[in-house]
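Peer 1: This is the structure I have questions about; it appears just below.
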Amino acid sequence: MIEGVLFDKDGTLFDYHATWHGVFRDLAHDLCEGDEAGARSLLEAGGYDVEGGFYRSNSILSAGDTRELAQVWARQLGRDAGALLPHMERVFSTEPVASAVPAADLKSLLETLRSRSLSLGIATHDSLQATENVLARFSLREYFDFLTGYDCGHGSKPGGGMALAFCKAVGVAPGRIVVIGDNPHDLGMGRNAGAAAVLGVLTGSSRRGDLVEAGADDVLESVADLPAWLDGNSGIVPEAACG
């Protein structure tokens, strides 16, 4: 009964730590002109546990958008967020593209899903341009029917606007899609849109307990496990799809 899959991008399709940690670290040092204590303060303000070496689930760095991060870091730096944002957007449209590490064999996965006539989309708190850039790098753009970023006017997670925009674009009822992501705000987006199921993955900044507590219908090791999950749950007939 599932007709569409809406993916988060970073932490879901791409390994979060491998892709983003160096980018955040280098940008923080650059903004602080090499001052180690200042850079550490920026990272901690964004949700990075410096001592533990991990990003907190649903923190600004792991789940916020560029505008939100600019506001947090601008306050720390005593700068204007509006002036900082364009620089951050330029960095984020190129550096994470170069460092991106797929969380699975994405081409094989996406071909498998497309062979099942599923509509596929991405809803990310990154920008649309950054999303286009990383998909182009890995020759994956052709597999997706819909892309939206924080700058596309569909609202932000955990609001359901991005998921509802996907459903409208591909002509699928919200109750016939699966939303998959690595943070509670991804799951919230799916729930608020009325998705058939919301799935968590462990290739991002959340631990299994974070995702279970946030109401995940299931937690997968990675998106590579999605086809098998769909096989085992092909009989889903959510109430929202029956009306």
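Peer 1: So how far, in whole Å, is the C-alpha centre of segment 149-166 from the one of segment 121-135?
Peer 2: Result: 12 Å between the Cα centres.
Peer 1: Using a probe radius of 1.4 Å on heavy atoms only, what accessible surface per residue do you get for the chain? Whole Å² is fine.
Peer 2: Numbers: 9980 Å² over 243 residues.
On a per-residue basis, the chain sits at 41 Å².
Peer 1: Which is the longest run of the chain containing none of the GluC sites (Glu not before Pro) found in DSSP loop states (not H, G, I, E, B) with at most 11 other C-beta atoms within 10 Å? Before the final figure, lay out the partial values.
Peer 2: Numbers: sites that count: 33, 51.
Longest gap between qualifying sites, sites excluded: 52-243.
Peer 1: Quick one: helix 106-115 against the long Cα principal axis of the chain, what's the angle to the nearest 10°, folded into 0 to 90?
Peer 2: 30
Peer 1: Most fluctuating residue of 102, 174, 227 in a GNM of the chain with Cα springs under 10 Å: which is it?
Peer 2: Maximum fluctuation in the GNM of the chain, among the listed residues, is at 227.
Peer 1: So what's the angle, to the nearest 10 degrees on a 0 to 90 scale, between helix 184-193 and the longest Cα principal axis of the chain?
Peer 2: Taking Cα atoms only, the helix is inclined about 40 degrees.
Peer 1: Could you work out the Kirkwood radius for segment 79-199, taking every pair of different alpha carbons, averaging 1/r and inverting it, reported in Å?
Peer 2: Working: mean 1/r = 0.0656 Å⁻¹.
For segment 79-199, the Kirkwood estimate is 15.3 Å.
Peer 1: Over the chain, calculate the relative contact order: mean separation of alpha carbon pairs under 8 Å at least 6 apart, over the residue count, as a percent. Mind showing how you got there, number by number?
Peer 2: On the way: 453 pairs, mean separation 62.1, N = 243.
Relative contact order for the chain comes out at 26 percent.
Peer 1: Right, here's the next one. In nm², what is the average projected area of the convex hull enclosing the Cα atoms of segment 1-66? Intermediate values should be presented prior to the final figure.
Peer 2: Details: hull surface 21.5 nm².
Averaging across all directions leaves 5.4 nm² for the Cα convex hull.
Peer 1: Then there is this: Can you give me the P(r) profile for segment 73-141? Cα pairs, bins 10 angstrom wide beginning at 0, each as a whole percent.
Peer 2: 17, 39, 26, 13, 6, 0
Peer 1: Only one of the values [x] 1.09; [y] 1.39; [z] 0.99 was calculated from this structure for Cα Rg over 2.2 N^0.38 Å; name its label.
Peer 2: Step by step, Cα Rg over 2.2 N^0.38 Å for this structure corresponds to label [z].
Peer 1: Hey, another quick one. Enter the angle in degrees (range 0 to 90, nearest 10) between the Cα long axis of helix 16-31 and the first principal axis of the Cα atoms of the chain, meaning the one along which they spread out most.
Peer 2: 30
Peer 1: Something else now. Just the number, please: carbon plus sulfur as a percent of the accessible area of the chain, 1.4 Å probe, no ligands or DNA/RNA counted. Walk me through the intermediate numbers first.
Peer 2: Numbers: 4620 of 9980 Å².
The nonpolar share, carbon plus sulfur, comes to 46 percent.
The values are calculated or read from the model by the stated rules, or taken from the named source; none is laboratory data. All values derive from a computational prediction rather than experimental measurement. Neighbour counts are summed over all protein chains in view; Cβ atoms, including those assigned to glycine, are modelled from backbone coordinates with ideal geometry. Heads up: the accessible areas ignore ligands, DNA and RNA and are worked out on the full protein's heavy atoms, side chains in. Shrake-Rupley method; radii C 1.70, N 1.55, O 1.52, S 1.80 Å.
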